[in-house]
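Asker: Dropping a structure here in structure tokens format, bear with me for questions.
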Amino acid sequence: MTKTIFGYRIPVFLVLSVLISSLAMAQTDDTVKVVPGDGTLDGSFIVSYTNSWKMIHVSVDGDSSIAGTWTDSVAVFKRDGRTVLERFQVVYKPTGEERVHIHDVVDHKSLEPIEGELRTANGAYNMLRFAGRHVTGEINGPEIDPVAIDTLLDQAAYDFNIYGTLLLGFPFEQGYRAKFPIVEIHQKENYPYLSWVPMTVGDEATTEAGHLGERRTRTVTTNGSDGELKFSLSKEPPYVIKLVRTLPDSSLMIWVME
């Protein structure tokens with residue numbers, strides 16, 4: 001039996017085969033598109049805490065060395081009648097010198113960004129303020145003049161400088177897959193732009209948690225401009241228990257709690 005399509009007579013079994021294949025592809029593409037304001041994220045359970053990790057670099061040959069320390073401090077409080085989450089992250093060299101300072105404020109429940117600041121020891125600096133799609137602020141650096149930012153994005157986006165804290169707001173069901181928009185900056189381009197980051201929720205595991213002993217965690221993996229980031233997250237403070245980042249040369253940077 002044949003069927004006429006666009007003037008061509010094609011065997012019915014071939015038509016059915018194509019339809020079944022297309023349906024199977026549609027069924028396997030279960031990635032959810034998550035955007036600010038759609039109600040998916042919920043960070044209302046997050047409470048104030050402090051945390052600290054050792055950063056360990058593992059070469060492709062398996063050699064390891066201490067790359068520094070990363071500290072984390074989160075406070076939840078009212079500001080202008082709104083409950084906000086403020087996060088300070090400071091990265092130190094193995095010698096103890098400060099290398100990077102990150103400061104972010106987001107809505108406590110929705111985790112939508114309000115403002116974010118990043119500065120480094122070599123003089124790089126950016127400050128962004130968020131009002132839905134409208135992003136303002138400035139960028140500065142050792143090799144560029146100060147640049148004022150005043151941009152209307154195509155889509156409201158998240159600030160992924162809060163890393164695992166943002167991922168905590170997603171559903172934690174195993175196999176859950178989503179992609180979400182973030183604001184990124186390239187110093188040489190001098191403007192913020194939208195980037196979509198895919199994430200996948202994996203298995204539960206028991207993860208070493210430094211002075212806390214062990215914690216039951218859920219693995220959440222993202223693949224964005226920072227490469228693959230594999231977080232071990234807990235719904236209890238201090239939440240981000242471990243992080244493994246795959247670097248461009250296939251070596252690893254591992255964050256382990258102190």
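Asker: Just to be sure I understand the model, the point goes 7 Å from the Cα along the line to the Cβ. What's the resulting E208 to R99 distance in nm?
Answerer: Each label point is offset 7 Å from its Cα along the Cβ direction, giving 2.1 nm.
Asker: Please build a GNM for the chain, connecting alpha carbons under 10 Å apart, and tell me which residue among I149, I185, I241 fluctuates the most.
Answerer: Of the options given, I185 has the highest mean-square fluctuation.
Asker: Same structure, new question: Suppose R0 equals 22 Å. What FRET efficiency, 1/(1 + (r/R0)^6) with r the Cβ-Cβ distance, do K235 and V90 give to the nearest 0.05?
Answerer: 0.35
Asker: Ignoring solvent entirely, what values of log10 I(q)/I(0) come out of the Debye formula for the chain at 0.08, 0.10, 0.14 Å⁻¹ when each Cα is a single scatterer?
Answerer: So the normalised log intensities are -0.39, -0.57, -1.01.
Asker: What does the highest-first list of 165-176, 74-85, 95-106, 228-239 look like by mean Cβ count within 10 Å?
Answerer: 228-239, 165-176, 95-106, 74-85
Asker: Between T151 and L194, 0.36 nm times their residue separation minus their Cα-Cα distance comes to what?
Answerer: 14.4 nm
Asker: Further question: Let me know the whole percent of all Cα-Cα pairs from the stretch 57-101 that are separated by more than 14 Å.
Answerer: 63
Asker: Further question on the same structure: Suppose every K and R has +1 on its Cβ and every D and E has -1 on its Cβ; what is the size of the dipole of the stretch 108-258 about the Cα centre, in Debye to the nearest 20?
Answerer: Taking the Cα centre of the stretch 108-258 as origin, the dipole is about 440 debye.
Asker: Under a cut-off of 12 Å between alpha-carbon atoms, report the aspartates and glutamates in cross-link reach of K242, not counting same-chain residues fewer than 8 places apart.
Answerer: Partners within reach: E208, E214, E258.
Asker: For the pair V60 and S225, how long in nm is the line joining their label points, each one 7 Å along Cα→Cβ?
Answerer: Inter-label distance under the simple model: 2.5 nm.
Asker: Further question: Per the helix-only calculation at 222 nm, which mean residue ellipticity applies to the chain, given -39500 (n - 2.57) for every DSSP H run of n ≥ 4 and division by its residues, nearest 500 deg cm²/dmol?
Answerer: -2500 deg cm²/dmol
Asker: Just going by the charge dipole of the stretch 32-257, with Lys and Arg at +1 and Asp and Glu at -1 on Cβ, which of Y239, G62, V135 is farthest out on the positive end?
Answerer: Of the listed residues, the answer is Y239.
Every number in this text was worked out from the coordinates using simple rules, so none of it is lab data. Everything numeric here is computed off the predicted structure, so don't read it as measured data. Positions of Cβ are backbone-derived with ideal geometry, glycine not excepted, and every protein chain shown enters the neighbour counts.
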